[in-house]
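**Q** This is the structure I want to talk about, given as structure tokens.
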Amino acid sequence: MTDNGRKHWKHLYEEIVSTEICCGCAACVVACPHKVLEMQDFDPVQTDARSPFDNCIHGEEGCSLCAMACLRLDPHIDVIEQMVFGERRRDDQPEGPYRMKTLARATDARILERGQDGGAVTALLAWGLDTDRLDGAVLSAPSDKVPWLDEPKLVRSTDELLAAAGSRYTYCSTPLGLKQAVAARCKNVALVGVSCESTAVRELTAQGIKRWTRPIKLVVGLMCCETFDYEAFMIGKVQQELGIPMDEITKVNVKGRVIVTLKDGRDIEIPLRDARPFANEWCHECPDFAAEHADLSCGGLGMEGWTMILVRSEAGQAYL
């Protein structure tokens with residue numbers, strides 16, 4: 001414990017990282033004021049040469065921000081729910097509280113072509129950027145170097161947004177993009193992330209670590225059953241075992257099975273039972289399919305060409 005009785009990197013490493021409960025959201029890296037944590041292979045690692053990898057000299061001296069930011073290490077769910085919903089959730093709300101639900105799809109043909117499950121999330125963000133209600137969106141975007149691997153990115157225009165549209169189903173530490181937003185001095189940002197990342201940014205705010213979340217005006221949560229390990233699934237299963245070249249893939253979707261769409265229009269289907277062994281380990285510890293702490297929770301499970309939206313907060317309802 002630190003001098004103030006709080007847990008720090010040592011406890012975060014022992015209880016969360018080394019036990020593979022860590023979901024790789026990078027909230028601890030974002031929160032670290034000493035810049036001694038970084039992400040490597042979706043795990044936070046301690047990089048200060050003065051400290052052992054499983055401890056931190058700054059933590060021993062009283063810094064606890066990384067541990068405070070973690071959504072797996074003693075999260076403040078009661079504070080988060082009061083902040084988002086104005087009340088604690090009830091036992092009869094397994095999907096989390098919401099004000100209304102609807103189905104939506106984009107009307108812009110470009111978005112329909114590029115977006116996932118009706119492109120509603122892309123359409124919502126495009127409207128915000130085009131009307132200057134948003135000056136940026138933090139989301140996952142295709143890597144410029146590694147095909148079908150995502151990386152955190154701040155987009156500032158609809159053209160940049162369209163280039164990032166769609167889902168890859170490999171994990172991305174999206175909250176890292178908040179550093180880009182703060183560096184760009186954005187004032188009105190939307191963050192799009194899977195369930196754990198929606199909670200991660202709320203935990204930062206609940207703990208008073210507001211420098212990185214102050215610009216966020218809208219949290220769009222993506223309903224998520226699991227994400228797949230890139231090397232094991234995309235390289236090992238899809239490319240090597242099934243013989244599908246990465247540059248021939250145009251889309252990946254999950255509809256009770258994994259559907260890999262190729263440039264020639266063919267769909268290669270992988271039974272979900274064959275894909276689940278490649279799910280990231282931390283996904284087995286996740287209690288939240290429905291992105292319960294977002295302003296708008298969006299997903300297309302069981303639907304073709306439409307996005308289901310659960311409107312959870314006043315901010316989400318006003319934006320929609």
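**Q** Filter region 262-281 for residues that are among the aliphatic types (A, V, I, L, M) and part of a strand (DSSP E or B); which is most open to solvent (accessible area, probe 1.4 Å)? Steps first, please.
**A** Narrowing region 262-281 to residues among the aliphatic types (A, V, I, L, M): 262, 268, 270, 272, 275, 279.
Going one step further and asking which of them are part of a strand (DSSP E or B), we end up with 262, 268, 270, 279.
Details: Leu262: 15, Ile268: 46, Ile270: 5, Ala279: 12 Å².
That would be Ile268.
**Q** Search region 266-280 for residues that are under 23 Å from Glu248 (Cα atoms) and of a type in the set (D, E, K, R) and pair each with any residue that is open to solvent by 50 Å² or more (accessible area, probe 1.4 Å) and part of a strand (DSSP E or B) when their beta-carbon atoms are under 6 Å apart and the residues are at least 6 apart or on different chains.
**A** Glu269/Arg257
**Q** Can you find, within region 78-96, the residue that is nearest to Asp288 (Cα to Cα) among those that are touching a residue at least 12 places away in the same chain (Cβ under 8 Å) and open to solvent by 50 Å² or more (accessible area, probe 1.4 Å)?
**A** Only one residue tops the list, namely Glu95.
**Q** Look at Ile259 and say whether it is open to solvent by 30 Å² or more (accessible area, probe 1.4 Å), aliphatic (A, V, I, L, M), touching a strand residue (DSSP E or B) at 6+ places or on another chain (Cβ under 6 Å) and in a strand (DSSP E or B). Outline the logic, then answer.
**A** Numbers: open to solvent by 30 Å² or more (accessible area, probe 1.4 Å): no; aliphatic (A, V, I, L, M): yes; touching a strand residue (DSSP E or B) at 6+ places or on another chain (Cβ under 6 Å): yes; in a strand (DSSP E or B): yes.
Taking the combined requirement at face value, the residue does not satisfy it.
**Q** Then there is this: Which of the residues belonging to region 150-183 are open to solvent by 20 Å² or more (accessible area, probe 1.4 Å), assigned to a loop (DSSP other than H, G, I, E, B) and out of contact with any strand residue (DSSP E or B) (no Cβ under 6 Å at 6 or more places or on another chain)?
**A** Of everything in region 150-183, those that are open to solvent by 20 Å² or more (accessible area, probe 1.4 Å), assigned to a loop (DSSP other than H, G, I, E, B) and out of contact with any strand residue (DSSP E or B) (no Cβ under 6 Å at 6 or more places or on another chain) turn out to be Ser157, Gly166, Ser167.
**Q** Further, regarding this structure: Filter region 27-67 down to the residues that are in contact (Cβ under 8 Å) with a residue 60 or more places away in the chain and in contact with a helix residue (DSSP H, G or I) (Cβ under 7 Å, 6 or more places away or on another chain), then identify the one that is farthest from Ile209 (Cα to Cα).
**A** In this case the residue turns out to be Met39.
**Q** Further question on the same structure: Filter region 184-198 for residues that are under 12 Å from the mean Cα position of the chain (by Cα) and open to solvent by 10 Å² or more (accessible area, probe 1.4 Å); which is nearest to Leu154 (Cα to Cα)?
**A** Val192
**Q** On to the next question. Of everything in region 55-77, what is outside any helix (DSSP H, G or I), aliphatic (A, V, I, L, M) and surrounded by 23 or more Cβ atoms within 10 Å (Cβ to Cβ)? Give them in sequence order.
**A** Leu71
**Q** A further question on this structure: Do you know which of the residues in region 125-145 that are assigned to a loop (DSSP other than H, G, I, E, B) and in contact (Cβ under 8 Å) with a residue 12 or more places away in the chain is least open to solvent (accessible area, probe 1.4 Å)?
**A** Leu134
**Q** While we're here: Looking at (1) surrounded by fewer than 16 Cβ atoms within 10 Å (Cβ to Cβ); (2) assigned to a loop (DSSP other than H, G, I, E, B); (3) within 17 Å of the chain's Cα centre (by Cα), can you tell me which one His284 breaks?
**A** (2)
The values are calculated or read from the model by the stated rules, or taken from the named source; none is laboratory data. Everything numeric in this text was worked out from a predicted model, so none of it was measured. Ideal geometry is used to build each Cβ from the backbone, glycine not excepted, and the neighbour counts take in all protein chains shown. These accessible areas exclude ligands, DNA and RNA; they are computed on the full protein's heavy atoms, side chains included. Shrake-Rupley method; radii C 1.70, N 1.55, O 1.52, S 1.80 Å.
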